[in-house]
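Written below as C-alpha cells is the structure these notes are about.
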Amino acid sequence: MTTLGFRLREERDRRGLNQTDFAALANGSRGAQAAYERDEKIPGGGYLMALAASGIDVLYVLTGQRIPKTGALSDDEQELIEIYRNAPLAIKAAALAALTAGSSASNSIQVSGNSNRVAGRDFNEKNK
C-alpha cells in the first residue's frame, strides 16, 4: 500500500513539476512539499483544495483511487480535458473563447430560396 506522500509525489511527477513549482500551485513552499512527500507532515485542507483547483487528482492523493473517468468521453475528449485542467488560466480563457466564438443556433438566421440571391451583412432589395 502506498502512502499519501508517495501518491502526492506521483501526481507531481505526472505533471512534470519540481517540488517548488508544484507547491506554488497551492501557495506552499518547497520545504513543506518535501515534508509532505516524505510523510513527515500531512497537508491541510486548504492546500489540497488549491491543488484540486489546479487539476491535481486529490481523490487519488488521499485514497489511492483515481477519479473515475466518464465512459461517455472519447479518448480525444478525455485528452482535451486533461490538457485543459493542466493549462494556465490565460490558455483556458483563450480555449473557451475559441470554442464559444461560433454562432449558436438561437442567434443565427437561415436564408433559403431559389432566386439566386445571397444574403450577407446588409441586404436591400429594390422593388421593381
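Assorted remarks:
- Answer from Gly64, Gly55, Gly16 - the residue that is at positive phi and buried (at least 17 other Cβ atoms within 10 Å of the Cβ): Gly55
- Within the option set Ala53, Ala35, being closer than 24 Å to Ala87 by Cα, free of Cβ contacts under 8 Å to residues at least 40 places away in the same chain and aliphatic (A, V, I, L, M) holds for one residue only, Ala53.
- In region 67-88, the qualifying residues are those that are more than 27 Å from Gly28 (Cβ to Cβ), acidic (Asp, Glu) and surrounded by 10 or more Cβ atoms within 10 Å (Cβ to Cβ), and the one that is farthest from the chain's Cα centre (by Cα) is Glu77.
- Any pair with Cβ under 8 angstrom, 6 or more apart, that starts in region 83-96 at a residue that is of a type in the set (Gly, Ala, Ser) and ends at one that is surrounded by 12 or more Cβ atoms within 10 Å (Cβ to Cβ) and in a helix (DSSP H, G or I): Ala87/Ala95; Ala95/Tyr84
- Screening Ile91 with (1) surrounded by 11 or more Cβ atoms within 10 Å (Cβ to Cβ); (2) modelled with pLDDT of 95 or more gives one miss only, at (2).
- Just one of the listed residues (Leu73, Leu48) is within 30 Å of Gln19 (Cβ to Cβ), out of contact with any Gly (no Cβ under 8 Å at 6 or more places or on another chain) and modelled with pLDDT of 65 or more, namely Leu48.
The values are calculated or read from the model by the stated rules, or taken from the named source; none is laboratory data. These numbers were taken from a predicted model, which means no experiment stands behind them. Neighbour counts run over all protein chains shown; Cβ positions are idealised from the backbone, glycine included.
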